[in-house]
Amino acid sequence: MPRRYLSIAVPLVVAVLLAPPALADDAPILDPIPEKPITSGIALTLQELATMPKSDPEPPVTDVRLRRHARINYLGEVPDGSGRLYVPDLNGKLYLLKNGQTLQYLDVGATVGPNFFNNRGLGTGFGFVTFHPDFARNGRFYTTHSEAKEALTTKPADFNQPGNIFVQSVVTEWTATNPAADTFSGTRREILRIGFTGQIHAIQQVDFNPTALRHQEDYGKLYIAVGDGGRGVTSDDPQNLALPHGKLIRIDPDGRNSRNGKYGIPVRNPFVGRAGALGEIYAYGFRDPHRFSWDTLTRKLYLGSIGEHEIEAVYEVRAGDNFGWSDREGPFVFKRSDRCNLYPLPANDAQFGYTYPVAAFDHDPPPNFPCTSDSGHAVVGGFVYRGSQIPELWGKYIFGDLVDGRLFYTNSQQMRRGAGLAPLYQLSLVDGQNRPMTMQDFAGDKRTDIRFGTNAAGDLFILAKANGKIWKVTGTKPLPDVYPSLTGNLVAHYDFEHPAGTAEADQGRSGTNIELINGASRVSDGAFPGSRNSLQVKQVNPTTAGNDDWKAGIYSASGVPTLRAFNGVGQTTVMGWVKMTGQNPSPNSNSANPGDFYSAIGIAGVLSGNSDGHAVRALLELIEVDGVLKVVALGRRIDGSASQTFAATEDWRTILPPDEWVFLTATFDFNTGAMALYKNGRPLAGSYVVTGDPWGIGTGQGPYVSSPTDPRGIKIGGSFPQNTREGNPCNCRFDSLMFLNRAVEPWEVASQYALTKN
């Protein structure tokens with residue numbers, strides 16, 4: 001049965017940051033970009049192209065971030081019509097992809113020799129390669145790599161930062177004797193060497209403008225993105241026009257009028273002739289100008305710059321621009337005296353002449369997170385898609401977060417300088433079975449280390465250092481009914497569109513299929529547009545004790561290993577659509593008294609690790625609180641120990657009116673003791689039922705998590721999914737039930753509701 005879809009043409013939320021929040025100049029901004037990415041309605045399909053050879057830094061490293069399968073960082077096409085793709089690996093080798101084969105074209109590290117440096121700093125090693133647009137005739141290509149050791153004393157740099165130099169970035173011109181050969185043979189010459197005092201933010205990318213025609217001035221000019229060496233946070237190097245650090249520079253490899261006589265300085269560079277300024281500088285004020293590319297239609301240059309504190313920014317770059325670092329981080333004031341906060345722009349900001357991003361996202365650090373530590377987020381610039389195979393992506397600038405692997409796009413026509421930040425959309429991914437996926441799933445690691453690449457046709461590729469794989473983006477599908485930020489924690493998901501015999505197939509990450517028990521069935525009554533079916537559960541015979549109630553779930557007395565994501569977990573969420581379709585609560589079939597009714601109505605929950613089929617770790621249900629039936633979140637942190645209940649204040653019949661679909665959510669934070677309930681994306685007022693500390697989080701040392709046991713199952717629509725007893729049946733229907741191993745944020749609850757409701 002086909003999966004439900006939403007129209008990809010209709011954005012589900014509209015949110016645009018037009019200006020920083022209006023605050024006093026001296027008041028820090030707690031959430032610089034409060035608007036979250038908009039779910040795009042688009043999911044990308046990926047086809048694996050290659051797994052690159054495994055590589056390691058030398059000597060072995062202690063920084064786990066450098067222990068990757070292969071430190072591949074770009075993919076491009078050799079500009080000679082051969083169709084060969086090239087891939088550099090920071091650990092030293094340049095590969096070609098040809099007819100499905102991986103060929104080693106050049107070992108840069110071995111050629112450089114013992115001064116080659118790649119075992120400290122995330123960007124050291126063989127950083128980038130670009131081929132001259134006339135490579136087919138002149139055989140020239142250009143690389144940047146890192147050197148240290150004896151090079152620091154025997155090979156003086158053309159430019160050095162003030163202080164003790166730690167590493168040098170070297171730009172080299174290579175000339176192939178036979179440009180058509182699949183193995184390099186030829187000569188090399190050094191054209192530029194820059195010294196840095198730190199191990200981060202050296203030269204990141206070297207490239208030619210692919211839109212420049214042979215007769216145009218920009219043809220054959222080499223752009224070089226030079227980082228601030230990590231010094232920008234404590235110095236004015238990025239603003240100092242006498243240094244190349246923190247700049248995008250442009251040189252002419254065919255010229256010789258530079259200081260070292262090895263390259264030329266284009267006469268149209270914006271600072272040529274200015275006293276005290278380097279003529280090489282094209283634009284300045286960067287911290288870490290990581291990746292840049294040109295829109296092949298509009299010829300605009302876009303650059304993704306990694307931020308210091310919170311802002312990951314994309315800029316449109318023009319000659320002479322000043323992007324503000326380290327006086328500015330994105331469209332906010334950065335103060336060296338307070339590295340933990342950003343501040344609003346002053347009233348006289350226009351006089352400084354800074355250029356601000358056309359797109360950006362922030363990353364609010366978790367509570368008590370050291371503000372100077374690695375936050376686990378960094379922008380990786382991408383490309384404006386101008387290929388012909390995927391019309392849904394036409395004109396979209398696709399980029400991402402290189403650490404967690406989130407994928408974003410902005411519409412290029414909305415990326416306008418001086419107009420604030422363009423709306424930011426988050427892309428999803430699906431696998432071959434149309435299951436929602438994340439780049440972490442594809443990369444097999446929470447730290448994905450993704451990069452983007454493209455070929456002459458404008459096709460888009462995604463690379464992951466984590467497992468050394470390269471994928472081609474082959475198309476799009478309408479987004480499945482899961483908000484993108486949830487997919488990484490979606491342990492189990494049941495949409496009741498995927499029968500598997502007498503079971504329902506899990507569309508989440510765990511593959512935990514559930515049984516439809518005693519005849520519980522799918523009915524043609526979707527909760528939202530695009531949904532075809534839902535699950536009907538009910539009490540069958542209220543007058544006879546028995547185990548014939550319709551329900552669903554899975555149970556194992558030894559624990560369900562596919563639910564291990566809830567083993568020792570710190571947070572949990574249960575959410576989904578519910579519709580009351582009959583008498584609730586149900587008559588107690590286990591009692592001879594016809595006036596006796598069950599004191600609870602089962603919705604859905606995850607069982608504890610020692611459950612008898614009733615005891616739960618996290619449950620969304622209706623139970624009696626002080627003799628009154630309430631919608632509750634009920635959680636138990638430690639197996640066999642006390643539970644806590646958070647009960648909604650509002651009458652349950654108002655929350656769940658008869659014959660009306662309602663989107664309910666319950667969140668559980670076992671570390672803080674916080675629980676929450678939501679109806680249709682909005683929080684429900686409520687209170688905690690048990691006094692004191694039933695979860696035992698006030699003693700010992702945190703963080704506090706649930707018992708390190710696999711849950712014994714999931715129950716839906718009643719108790720005892722092993723079908724040994726009738727208990728708390730629900731005469732109701734369910735759709736898109738989701739079980740996550742973290743407490744989702746309020747905005748995510750609203751986004752998931754909006755995604756499926758609209």
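If you take just the strands (runs of 3 or more DSSP E) that sit entirely in segment 595-687, which of them hold at least 3 residues that are closer than 22 Å to Ala492 by Cβ? Let's see the steps before the verdict.
Working: elements: 600-607, 616-625, 628-635, 644-648, 662-669, 674-679.
Strands (runs of 3 or more DSSP E) meeting the threshold: 600-607, 616-625, 628-635, 662-669, 674-679.
Failed condition for Val749, given (1) more than 30 Å from Asn588 (Cα to Cα); (2) assigned to a loop (DSSP other than H, G, I, E, B); (3) at pLDDT 95 or above; (4) of a type outside the set (Phe, Trp, Tyr), with all others met? Single failed check for Val749: (2). Can we say Phe663 is aromatic (Phe, Trp, Tyr), closer than 23 Å to Ser706 by Cβ and surrounded by 15 or more Cβ atoms within 10 Å (Cβ to Cβ)? Taking the combined requirement at face value, the residue does not satisfy it. Looking across segment 330-352 at every residue that is loosely packed, with under 12 Cβ neighbours inside 10 Å and without any contact (Cβ under 8 Å) to a residue 24 or more places away in the chain, the one that is farthest from Phe286 (Cα to Cα) is identified as Asn348. List the number of the failed condition for Pro238; all other conditions in (1) surrounded by fewer than 22 Cβ atoms within 10 Å (Cβ to Cβ); (2) touching a residue at least 24 places away in the same chain (Cβ under 8 Å) hold. For Pro238, the exception is condition (1). Output yes when any residue across segment 414-426 is at pLDDT below 95, polar (S, T, N, Q), in a strand (DSSP E or B) and within 27 Å of Ala750 (Cα to Cα), and no when none is. There is at least one residue in segment 414-426 that is at pLDDT below 95, polar (S, T, N, Q), in a strand (DSSP E or B) and within 27 Å of Ala750 (Cα to Cα).
Could you check, for segment 409-427, whether at least one of its residues is touching an Asp or Glu at 6+ places or on another chain (Cβ under 9 Å), more than 20 Å from Val317 (Cα to Cα) and aliphatic (A, V, I, L, M)? Scanning segment 409-427, I find no residue that is touching an Asp or Glu at 6+ places or on another chain (Cβ under 9 Å), more than 20 Å from Val317 (Cα to Cα) and aliphatic (A, V, I, L, M), so the answer is no. Restricting Ser521, Ser599, Ser591, Ser556 to residues that are surrounded by fewer than 18 Cβ atoms within 10 Å (Cβ to Cβ) and without any contact (Cβ under 8 Å) to a residue 24 or more places away in the chain narrows the list to Ser591. For segment 311-323, which positions are within 26 Å of the chain's Cα centre (by Cα) and either among the hydrophobic types (A, V, I, L, M, F, W, C) or crowded, with 24+ Cβ neighbours inside 10 Å (or both)? Across segment 311-323, the qualifying residues are Ile311, Glu312, Ala313, Val314, Tyr315, Val317, Phe323.
Just one of the numbered conditions (1) farther than 16 Å from Ile203 by Cβ; (2) touching a helix residue (DSSP H, G or I) at 6+ places or on another chain (Cβ under 8 Å); (3) not polar (S, T, N, Q) is not true of Leu122: (1).
Checking the conditions here, which among Gly508, Gly501 is within 30 Å of Ser428 (Cβ to Cβ), crowded, with 20+ Cβ neighbours inside 10 Å and either at pLDDT below 95 or among the basic types (Lys, Arg) (or both)? So that I can check it myself, show each step before the final result.
Working: Gly501 fails: crowded, with 20+ Cβ neighbours inside 10 Å.
When all the criteria are applied, what remains is Gly508.
Quick check: is even one residue across segment 78-93 among the hydroxyl-bearing types (Ser, Thr, Tyr), surrounded by fewer than 18 Cβ atoms within 10 Å (Cβ to Cβ) and touching a helix residue (DSSP H, G or I) at 6+ places or on another chain (Cβ under 9 Å)? Reasoning before the result, please.
First pass over segment 78-93, keeping only residues among the hydroxyl-bearing types (Ser, Thr, Tyr): 82, 86.
Next, from what is left, pick out any that are surrounded by fewer than 18 Cβ atoms within 10 Å (Cβ to Cβ): 82.
Then drop every residue that is not touching a helix residue (DSSP H, G or I) at 6+ places or on another chain (Cβ under 9 Å), which leaves 82.
Yes: segment 78-93 contains one or more residues that are among the hydroxyl-bearing types (Ser, Thr, Tyr), surrounded by fewer than 18 Cβ atoms within 10 Å (Cβ to Cβ) and touching a helix residue (DSSP H, G or I) at 6+ places or on another chain (Cβ under 9 Å).
Would you be able to say whether some residue in segment 719-731 is modelled with pLDDT of 95 or more, aromatic (Phe, Trp, Tyr) and either touching a strand residue (DSSP E or B) at 6+ places or on another chain (Cβ under 6 Å) or part of a strand (DSSP E or B) (or both)? The answer is no; no qualifying residue exists. State which residue is farthest from the chain's Cα centre (by Cα) when the search covers only segment 236-267 and only residues that are small (Gly, Ala, Ser) and under 17 Å from Val171 (Cα atoms). Applying the filter and picking the extreme gives Gly261. Only a single item in (1) among the hydroxyl-bearing types (Ser, Thr, Tyr); (2) in contact with a Leu (Cβ under 8 Å, 6 or more places away or on another chain); (3) surrounded by fewer than 24 Cβ atoms within 10 Å (Cβ to Cβ) is not met by Tyr483, and it is number (3).
I'm trying to understand the selection: among the residues of segment 397-409, which are outside any loop (DSSP other than H, G, I, E, B) and crowded, with 23+ Cβ neighbours inside 10 Å? Step through it out loud before you land on a result.
Going residue by residue through segment 397-409, those that are outside any loop (DSSP other than H, G, I, E, B) are 397-401, 407-409.
Listed by number, the residues that qualify are Tyr397, Phe399, Gly400, Leu407, Phe408, Tyr409.
For segment 572-580, the criterion of being part of a loop (DSSP other than H, G, I, E, B), buried (at least 16 other Cβ atoms within 10 Å of the Cβ) and either touching a residue at least 40 places away in the same chain (Cβ under 8 Å) or of a type outside the set (Phe, Trp, Tyr) (or both) is met by no residue.
For residues that are assigned to a strand (DSSP E or B) and surrounded by 21 or more Cβ atoms within 10 Å (Cβ to Cβ), scanning just segment 50-75, find the one that is farthest from the chain's Cα centre (by Cα).
Ala50
Of all the listed residues (Ile470, Ile517, Ile450, Ile462), the sole one being of a type in the set (A, V, I, L, M, F, W, C) and in contact with a helix residue (DSSP H, G or I) (Cβ under 7 Å, 6 or more places away or on another chain) is Ile450. Say we look at segment 136-151 and pick out the residues that are over 23 Å from Ile251 (Cβ atoms) and more than 36 Å from the chain's Cα centre (by Cα); which of these is surrounded by the fewest Cβ atoms within 10 Å (Cβ to Cβ)? Here the answer is Glu150. Might you check whether a residue that is crowded, with 20+ Cβ neighbours inside 10 Å and of a type in the set (Phe, Trp, Tyr) occurs anywhere in segment 213-222? No, there is no match, as no residue in segment 213-222 is crowded, with 20+ Cβ neighbours inside 10 Å and of a type in the set (Phe, Trp, Tyr). From Thr45, Thr102, grab the single residue that is polar (S, T, N, Q), at pLDDT 95 or above, over 20 Å from the mean Cα position of the chain (by Cα) and not in a loop (DSSP other than H, G, I, E, B). Residue meeting the stated conditions: Thr102.
Quick check on segment 434-445. Is at least one of its residues within 19 Å of Arg299 (Cα to Cα) and surrounded by 20 or more Cβ atoms within 10 Å (Cβ to Cβ)? Checking segment 434-445: not a single residue is within 19 Å of Arg299 (Cα to Cα) and surrounded by 20 or more Cβ atoms within 10 Å (Cβ to Cβ). Inspection of segment 106-115 identifies at least one residue that is surrounded by 23 or more Cβ atoms within 10 Å (Cβ to Cβ) and more than 29 Å from Thr197 (Cβ to Cβ).
The values are calculated or read from the model by the stated rules, or taken from the named source; none is laboratory data. As the structure is a prediction and not an experimental result, all values here were calculated from the model. Cβ coordinates were reconstructed from backbone atoms using ideal geometry, including for glycine residues, and neighbour counts include every protein chain displayed.
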